[in-house]
Every structure is written in structure tokens, then in C-alpha cells.
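Note sheet for the following structure.
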Amino acid sequence: MGYFRFLLAHPRFLSFGFGLNVFVALGQTFYVSLYNGEIRLAFSLSHGELAALYGSATIVGSVLLLATGRLLDRVDLRWFAAITTVLVAIGCWLFSATTTVVGLFAAIFAIRFAAQGLWGVCAQVSMARYFDADRGKAAAVAGTGYSLGFAIFPLIGAWLLTSYGWRDAWSLSGWFVLLVILPLIIIQLWGHGSRHRAYEAKLDTLSDASNETSTQQWTLSDVLTDMRFWLIQPCMVVVPCVVFSIQFHQLFLVETKGWDLTAFAGSYSIYAAVSLFATLMCGSLIDRYKSYRLIRFCVLPLIPALLALAIFDSPLIIPIVMALTGLTFGLSLVVYVTIWAELYGTKHMGAIRSFNIFFNVTIASGVMVLTGWLIDQSTTIAMMSAGGIVFALISLICLEVASRVPSPRLKNAT
């Protein structure tokens, strides 16, 4: 009932965050990698070479995100979202038209930077910034868009690939973004100016308050000096490193295990369903217990998932792995957005969240390149899974250390 009343109170703005997170799938690894087989054939690339190209383009995009993401702290959300949407369409058309490896790099860069990067920041920051007491619910409602994207985009991608081929699939996607998504965003953000003015008035009130326990508004430079921020990072990095590496190399995984690709792709519905449940559950829990107490639960399901991949070859483990990774991803969708607002305030969240995405994407991309190289070196899935388990355990140790670090008090918080 709490979610129902919340949805009725803010239908258009919540649908904005939800919708962007659905369409972020266009730039997500699990979707782009559906076309890996055709792309490798078209450009004569090995698993490792394509992973290196994909990872380097993603890293370049994340570096640029450092400069552009912070604009969300100063530029009207409506203009930011609209321009980003046009960039996504251009990225889709680049993908459909490229005939060289350099062009492929540019296309991957554009779609990852605009769809996965800017759209993602736009949805996450807007939900965390303009909601306070219900921040967890807002992030959860928006996060369910990811679950829907995971459920439908593999099926859409498979249908487009079969019916039109990979080039026309991306061309049609570009037209859909421009003619459907852009007008939808304009409608969803109609009247946003009054919402932003109310938010600025609230910040002014907080800055004038003399209460020392009031939430401080940390700048990015302040955040980067906080030891807790860096100790939390391994927990935030291990999830995309493991989950997206599995998704990017899903064709290799399926071939090595002797699984049916259709069955594997269809199991994304399990991933989506569990992710949806975890997201909604986490949203309510955060509003009661706060994100810092819940972040370790984002990592724990990865350990049995990796153990299953390391030990078993039976296709019966597919739904188990999908459910566990979906649980991890669903929890992280909310916790990884709200934790920074709780620790550092919302005024500079565009810059803080952009830096965090840059850091996470850089590490995750490096891990995807590493796994591609390891595949080319005939490294077993069991050995790579063991490495992922060690990474998860280290991240939990770092989080325990972070919990013992006292929170510094800023003298000149803005």
C-alpha cells in the first residue's frame, strides 16, 4: 500500500525514472553482447579482441562522463535528458552503419556513454535528489525499469537479430529512441521547473539551519578524501565485474557448458523477476534501516552463484545462477544509488554519482577485458569463478573496515 500511494502521488516523475531505466538496456552489456557473434564475424575479431575494444570504448565513455555527469548539478533536467536521448539515437545509427574497427569503437563508445552512462545517471540522480523520506521507494520504483529491460530486451534483440540482422536492428532502435522515447520524456518532465524550485528552497533552508546534525552537502573533492568512500568501492565494483562479465561472455559460457542458447536467453526472465522482487523489497527496507546496513547483502549472493558455475555443467543450474545474480543486481540498483545521498547529501550528487560510475565502469571494463584474455588463454570457468569469489570476500572485509571508520565532520560543507 505504501508503494501504491507513492505511485499515485508522483506518477509522471516516477515513470520518468522507471522508463529511462528500461531503455538503458540499449547500452547495457547483456543486450549489446547479444550481437557479439555477428560482430566478431563481421570484423574478424577474437573473444579477447572484442572484449578489449568494448572495454576500452566503455572506459573512454566513463572518463567523459566525469565531465558531463556533473552538469546535471547545474543544467535543467529536461534539457539534459533530451540531449542525452538524441545522443543515444546517434549511437544506434553509428552501430548500424560502421564498417571499420575504428567505427565500431566509436559506436560502442557512443551507445555506452549515452545510454548506459548519461541515461543511467539522469534516472538515478533525479530519483535520489527530489525525494527525501521516500528516497528508497523512489529508487526502487525506478530500478524496476532495469528488471523489465532485462526481461524484454533479450527477446526483442533476438527477434530483431533474426528478422532484420544486426545492422538494421540498431538502425530501427535509433528511430524508436528519437520518435518514441524523446516525446515521452518531454511529457514526463512537463512542469519539472516547480519541482526543482522547491528542491532549491529546501536546500536553502537546510543551509541556514544551525543544527549540527543536519545533513551536510559534500562536494566531490570532499568525498574523495573520505576513507569510507574508498573502502565501500570494492563492494560496489564486484557486482558489475562479476555479473557483466558473465553476461558479456554469455556465448562462451553457453558453448563451453554445452547449454542451449535459447534456454539461457529465456532464463533472463528469472533474472528479471528476482531482480524486481529484490528492488521493491530493498526500497522499503532502505527507508527504514538505511543503505549502509544493507550493502553487504548485494555481494553475498554472488558467492553461491560463482560456486555453481565452477562446479556444475548441468543446465539445471542456469535458473539458480540467474536468480542469484538477479538478487544481487536488484539489491544493488537501490543501495548503490541511495547510499551516497545518505552519506554525502544530494546537492552535488551528479558529480559524485558520475565519478562513482566512472570508477566502477573502468574497473568492470578492465575485468571484462581480462576475462576475454583469459578465455583466449584457455582458462577454465572454474578458475575464473574462483577469482570472482576471492574478490567478493575481499570486498566484504573492506566493508567491515569501513564500518569502523568514524564519519568526519566538514567545517565548510556546502
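Rule-based calculations on the coordinates, nothing more; no lab input. For clarity, every value in this text was computed on a predicted model and none was experimentally measured. Cβ atoms come from the backbone with ideal geometry, glycine included; neighbour counts cover every protein chain shown.
So how many Lys-Lys pairs in the chain land under 30 Å Cα to Cα, not counting same-chain pairs under 8 apart?
Counting lysine pairs in the chain gives 9.
Any idea what angle helix 120-130 forms with the longest principal axis of the chain, computed on alpha-carbon atoms, 0 to 90 degrees, nearest 10?
With rounding to tens, the tilt is 20 degrees.
Mean shadow of region 2-86, computed from the convex hull of its alpha carbons, in nm²? Walk me through the numbers on the way to the answer.
Working: hull surface 32.0 nm².
The number I arrive at for region 2-86 is 8.0 nm².
Helix 192-208 against the longest principal axis of the chain: what's the angle in degrees, Cα atoms only, rounded to the nearest 10?
Result, in degrees: 50.
Compute the long axis of helix 302-311 from its Cα atoms, compare it with the longest principal axis of the Cα atoms of the chain, and write down the angle in degrees, 0 to 90, nearest 10.
With rounding to tens, the tilt is 10 degrees.
Magnitude of the Cβ-charge dipole of region 76-148, K/R +1 and D/E -1, about the Cα centre, nearest 20 debye?
Values: 5 positive and 3 negative charges, 10 e Å.
With only Lys, Arg, Asp and Glu charged at Cβ, the dipole is about 40 debye.
Let me have the 222 nm mean residue ellipticity of the chain computed from DSSP H runs of 4+ only, each contributing -39500 (n - 2.57), with the sum over all residues rounded to the nearest 500.
-25000 deg cm²/dmol
For the charge dipole of the chain, defined by +1 on Lys and Arg C-beta atoms and -1 on Asp and Glu C-beta atoms about the Cα centroid, which residue among L178, I156, V335 has the Cα displaced farthest towards the positive pole?
Final value for the positive-end residue is V335.
Output the peptides 396-402, 199-205 sorted from most to least packed, where packing is the average of other Cβ atoms within 10 Å over each peptide's residues. It would help to have the intermediate numbers written out before the result.
Working: 396-402: 15.3, 199-205: 11.9.
Ranking, from highest mean packing down: 396-402, 199-205.
Could you size up the charge dipole of region 260-414 around its Cα centre, putting +1 on the beta carbon of Lys and Arg and -1 on that of Asp and Glu, and report it in debye to the nearest 20? Please list the in-between numbers first.
On the way: 9 positive and 6 negative charges, 191 e Å.
About 920 debye.
Please compute the Kirkwood hydrodynamic radius over the chain, one decimal place, Å, based on all pairs of different Cα atoms.
Numbers: mean 1/r = 0.0463 Å⁻¹.
The Cα-based Kirkwood calculation yields 21.6 Å.
Taking the highest mean first, how do the peptides 104-113, 253-262, 344-353 order by number of other beta carbon atoms within 10 angstrom per residue?
Working: 104-113: 22.9, 253-262: 13.9, 344-353: 24.5.
Taking the mean over residues of other Cβ atoms within 10 Å, the ranking is 344-353, 104-113, 253-262.
Say the dipole of the chain comes from +1 at the beta carbon of Lys and Arg and -1 at that of Asp and Glu; which of A310, M127, T205 then lies farthest toward its positive end?
Value computed over the given set: T205.
State the extension gain, in nm to one decimal, for the chain segment bounded by L64 and L7, taking 0.36 nm per residue of separation less the distance between their alpha-carbons. Please list the in-between numbers first.
Details: separation 57, 0.36 × 57 = 20.52 nm, distance 3.42 nm.
17.1 nm is the gain from fully extending L64 to L7.
In debye to the nearest 20, how big a dipole does the chain give about its Cα centre with +1 on each Lys and Arg Cβ and -1 on each Asp and Glu Cβ?
Numbers: 25 positive and 20 negative charges, 178 e Å.
It comes to approximately 860 debye.
Among G19, G91, S33, pick out the residue whose Cα is farthest towards the positive end of the charge dipole of the chain, where Lys and Arg carry +1 and Asp and Glu carry -1 on C-beta, about the Cα centre.
Farthest along the dipole direction, towards plus: G19.
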